[in-house]
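Enquirer: I'd like to ask you about the structure that follows.
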Amino acid sequence: MRAGAREWAGLGLLALPTALLGLDVTALYLVAPSMTADLSPSGAQLLWIMDAYGFFIAGSLITMGTLGDRIGRRRLLMIGMVAFAAASVFAAFAPTAELLILARALLGIAGATLMPSTLSLISNMFPDVRRRAVAIGVWATMFALGMAAGPIVGGLLVDAFWWGAVFLLAVPIAVIVLIGGRTLLPEYADPSAGRLDLISVGLSLAATLPVIYAVKHIAAHGTGGRPVVLAVAGLAAGAVFVRRQRRLADPLLDVSLFADRAFTVALLVLLIGLVGVGGSMYLVTQYLQLVEGLTPFAAGLWMGPPALAMFAAAVGAPLIARRIRPGYVMGTTLGVSLVGYALLATAGLGDEVSVAIGFAFVYLGLGAIAALGTDIVVGAAPASKSGSAASMSETVQELGIAVGVALLGSLTTAVYRAQVRVPEELSPESSNALTDSLSATVAIAEDRPGVTVEAARLAFTTGLNVASLIAGVAIAAATVLCLSMLRHVPRLGHNQDIDANI
């Protein structure tokens, strides 16, 4: 096989675990009812079943990205695939809620080995910056496609088999990656890397996990003593972590990268963009199924055109950035995506077409920033540190999705509750209060005076409108950031120096 063909075949292989990771983020959206009926988790346990995966991915990414630089990125990918498959089988057959929580946490840790490994291997396989940007665009699209497919695949598998079947998809993918990896994927390890600093590992977890938990808890239940204390403790651990990294000769995370303004601004744009997309995707899938009454498969078909729009942007943006500076390409595409947020902010009942078109514009913006923003972040680091830089990019994106679902979901819930009398039977500890509120209202609407299905559907749609308006404002700010702060990043393949103002 010729070298060029082997690179693209390797990218195809890396697309499999990337899509799998995205699928596991959202697969439980429609599996939860069946799983709940089998395991009877409490409200708090259900919350941890849904969130443990994302928590532990986000908390472990920095450690695993740096570990790949030290022991070898392909080796870490192979180890992670075996661990992910084993944890997936454990989750599929977990007999109790407690063991399923443990399995989901193990899946998160194993998933954190896969994400930076796949992205940093791409940087090794495609040394030419122009081809690397296109490859990163494909990589980003596969993760987003996995997220979009999660609810549909989960719904189909639980209908055909049982709720645990969705986890078993990891097994054949692991087999394919393990067989093809040694032939198609290069190995790279930093020969000068020192030992892994375990104190820094602990500090990174102590900084990340409490903050993510606090964000989710505050968004769902409001401020309280425990989440505020956890957030403060996480931020304090983060400060100690940064201070320690500055003093170490071989840090877990090279914080000097943040002195590169393009690196920092690209991370900020990715964060804002994923907040908007993560929240919008969650709300749009709920709108199509709960408001318009579509089946999971039918809702999946409506999500097809947006996925194609993202793919076009993720692959096309790097090609355009060979002639036009990436900051302008990202800013212009984000500006165009504001059309999508406007359509979502004005959608009404029976507006499946407008909602699907609107989300296609939203995904268009994600495609450009995922490809070019990630390329800026990874390209800012030397080859020996690309795993660490990749982990930062993915940590920010995981955080953005979590914050987007929590904040925009809770905003929609607040609007919904203000307009509809939510049934008392609804547990306040539910991890998906918005979905449960609407489902419960619809289910008993005929038996409870003053509550109608139409009112519930309209209230949810109003919440979607308000959340989309707020998200659009945030995306407008990200647009300005791209056009003003990233305008001096050179065109792909051009080695001119970045302006001193950057």
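Enquirer: Divide by every residue of the chain the summed helix terms, -39500 (n - 2.57) for each DSSP H run of at least 4, and state the resulting mean residue ellipticity at 222 nm, rounded to the nearest 500 deg cm²/dmol.
Expert: Mean residue ellipticity at 222 nm (helix-derived): -27000 deg cm²/dmol.
Enquirer: In percent, how large is the relative contact order of the stretch 233-368, given Cα pairs closer than 8 Å and 6 or more residues apart? List each step's numbers first, then the result.
Expert: Values: 126 pairs, mean separation 37.4, N = 136.
Normalised by residue count, the contact order of the stretch 233-368 is 27 percent.
Enquirer: Now, a different point. Would you mind telling me the share, in percent, of accessible area of the chain contributed by carbon and sulfur at probe 1.4 angstrom? Walk me through the numbers on the way to the answer.
Expert: Values: 12790 of 19260 Å².
That fraction is 66 percent.
Enquirer: Okay, next question. Taking square-rooted eigenvalues a ≥ b ≥ c of the alpha carbon gyration tensor, is the stretch 225-384 rounded, prolate or oblate, where a/c under 1.5 means rounded and, failing that, a/b exceeding b/c means prolate?
Expert: Here the stretch 225-384 falls in the oblate category.
Enquirer: What does the charge count near K385 come to, summing +1 for each Lys or Arg and -1 for each Asp or Glu among other residues with Cβ under 10 Å from its Cβ?
Expert: Result for the neighbourhood of K385: -3.
Enquirer: Just subtract the alpha-carbon distance of E187 and V466 from 0.36 nm times their residue separation and send over the number in nm, one decimal.
Expert: So the chain would gain 95.6 nm between E187 and V466.
Enquirer: State the extension gain, in nm to one decimal, for the chain segment bounded by L268 and A476, taking 0.36 nm per residue of separation less the distance between their alpha-carbons.
Expert: The span from L268 to A476 would gain 73.6 nm if fully extended.
Enquirer: Give, rounded to the nearest 20 debye, the magnitude of the charge dipole that the stretch 1-160 has about its Cα centre when Lys and Arg contribute +1 at Cβ and Asp and Glu contribute -1 at Cβ.
Expert: 840 debye
Enquirer: Show me 366-373, 464-471, 350-357 ranked by packing, highest mean number of other Cβ atoms within 10 Å first.
Expert: By packing density, highest mean first, the sequence is 366-373, 464-471, 350-357.
Enquirer: Work out the charge dipole of the chain with +1 on the Cβ of Lys and Arg and -1 on the Cβ of Asp and Glu about the Cα centre, then indicate which of S468, V339, V269 is farthest towards its positive end.
Expert: V269
Enquirer: Mind running the shape call on the stretch 129-197? Use the C-alpha gyration tensor, a ≥ b ≥ c as the square roots of the eigenvalues: rounded below 1.5 for a/c, prolate if a/b tops b/c, oblate otherwise.
Expert: prolate
Enquirer: Can you tell me, using C-alpha contacts under 8 Å and at least 6 residues apart, the relative contact order of the chain as a whole percent?
Expert: 22 percent
Enquirer: Counting only chymotrypsin sites (Phe, Trp or Tyr not before Pro) that are in a DSSP loop and have at most 15 other C-beta atoms within 10 Å, tell me the longest site-free stretch of the chain.
Expert: 163-502
Enquirer: Per residue, how much accessible area does the chain show when a 1.4 Å probe rolls over the protein heavy atoms, in square angstrom?
Expert: With all protein chains present, the chain gives 38 Å² per residue.
Enquirer: What FRET efficiency comes out for the pair A5/V89, r = Cβ-Cβ distance, R0 = 41 Å, nearest 0.05? Don't skip to the answer; put the middle values down first.
Expert: Numbers: r = 34 Å, r/R0 = 0.83.
According to the calculation, E is roughly 0.75.
Enquirer: Next question. Which angle between 0 and 90 degrees, to the nearest 10, do you get for helix 386-419 versus the longest principal axis of the chain when only C-alpha atoms count?
Expert: 20 degrees
Enquirer: Place a point 7 Å from Cα of R75 in the direction of its Cβ. Which residues in the stretch 386-421 have their backbone N less than 16 Å from it?
Expert: Flagged as within label range: 387.
Enquirer: Which Cα, out of L235, A160, M125, lies furthest along the positive dipole direction of the chain (beta carbon charges, K/R +1, D/E -1)?
Expert: Working it through, the farthest residue towards the positive pole turns out to be M125.
Enquirer: With only Lys, Arg, Asp and Glu charged, each at its Cβ (+1 for the first two, -1 for the last two), find how big the charge dipole of the chain is about the Cα centre; round to the nearest 20 debye.
Expert: 1660 debye
Enquirer: For the chain, take the longest principal axis of its alpha carbons; what is the angle in degrees between that and the long axis of helix 170-184, to the nearest 10 within 0 to 90?
Expert: Relative to the chain, helix 170-184 is tipped by roughly 20 degrees.
Enquirer: At 7 Å along the Cα-to-beta-carbon direction for both L178 and T96, put a label point, then send me their distance in nm to one decimal.
Expert: 2.9 nm
The values are calculated or read from the model by the stated rules, or taken from the named source; none is laboratory data. What you see is a predicted model; the values in this text were computed from it and never measured. Here the Cβ is made from the backbone with ideal geometry for all residues, glycine too, and neighbour counts use every protein chain on show. When the accessible area is computed, the model is the full protein with side chains, heavy atoms only, and any ligands, DNA or RNA have been set aside. Shrake-Rupley method; radii C 1.70, N 1.55, O 1.52, S 1.80 Å.
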